[in-house]
């Protein structure tokens, strides 16, 4: 799988409708009106930009400008890591079962942990500097701050990012109810 396409797909999955609308507006001088009207997802927009050679693995200037314009510092950090060669792609090396379990765990954590989320993230080993960057990128959205912090941990740990470590960190932080909920969810049969 092409790491650049994976990165763009990840961006697409993290865009709100408002942000996608802003990106479409920013592309008006590059993409015709009819094509822009057909864009419903970030993937649609990125496909057109790739086809028109406005963005490419070696040509990310326009992509950077677009991301800066919508003030998504978290996505900008991922793009910079990609350009530096990190590819920010450790998640794709996880097996399907672990990816599924992490998705469930992240959802439960985001739905059930409030203002004490920083204690958990520090317990997972994420530095205060990275936490501050995430806070700056998502100043008014507690759930997004927590989700981006968990993704940062996931990227940092790579294949070593295990749900068991999340549960242990939760228990160490005396967040046993959330740890129990994750364990209960993981015991549920897959749909």
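Please give the number of the condition residue 46 fails out of (1) at pLDDT 90 or above; (2) more than 30 Å from residue 163 (Cβ to Cβ); (3) surrounded by fewer than 15 Cβ atoms within 10 Å (Cβ to Cβ).
The failed condition is (3).
Suppose we filter segment 65-84 for residues that are in contact with a helix residue (DSSP H, G or I) (Cβ under 7 Å, 6 or more places away or on another chain) and assigned to a helix (DSSP H, G or I); how many remain? Let's see the steps before the verdict.
Taking segment 65-84 first, the residues in contact with a helix residue (DSSP H, G or I) (Cβ under 7 Å, 6 or more places away or on another chain) are 66-70, 72-79, 82.
Applying the additional criterion that residues be assigned to a helix (DSSP H, G or I) yields 66-69, 73-79, 82.
The total comes to 12.
Hey, which of the helices (runs of 4 or more DSSP H) in segment 96-173, taking only ones fully inside, have at least 2 residues that are under 16 Å from the mean Cα position of the chain (by Cα)?
Working: elements: 96-112, 117-123, 128-137, 142-157, 163-172.
Hits in segment 96-173: 96-112, 128-137, 142-157.
Okay, residues lined up against (1) outside the structural domain of residue 74 (by TED's automatic domain parsing); (2) without any contact (Cβ under 8 Å) to a residue 12 or more places away in the chain; (3) under 21 Å from residue 98 (Cβ atoms):
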residue	(1), (2), (3)
129	yes, yes, no
143	yes, no, no
153	yes, no, yes
158	yes, no, yes
162	yes, no, yes
166	yes, no, yes
173	yes, no, no
179	yes, no, yes
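On the basis of being at pLDDT below 90, surrounded by fewer than 17 Cβ atoms within 10 Å (Cβ to Cβ), under 17 Å from the mean Cα position of the chain (by Cα) and in the same structural domain as residue 7 (by TED's automatic domain parsing), does residue 84 make the cut?
Values: at pLDDT below 90: yes; surrounded by fewer than 17 Cβ atoms within 10 Å (Cβ to Cβ): yes; under 17 Å from the mean Cα position of the chain (by Cα): no; in the same structural domain as residue 7 (by TED's automatic domain parsing): yes.
When the stated conditions are applied, residue 84 does not pass them.
The values are calculated or read from the model by the stated rules, or taken from the named source; none is laboratory data. Just so we're clear, the structure is a prediction, and the values are computed from it rather than from any experiment. Don't worry about glycine lacking a Cβ; one is built from the backbone with ideal geometry, like all the others, and counts go over all protein chains shown.
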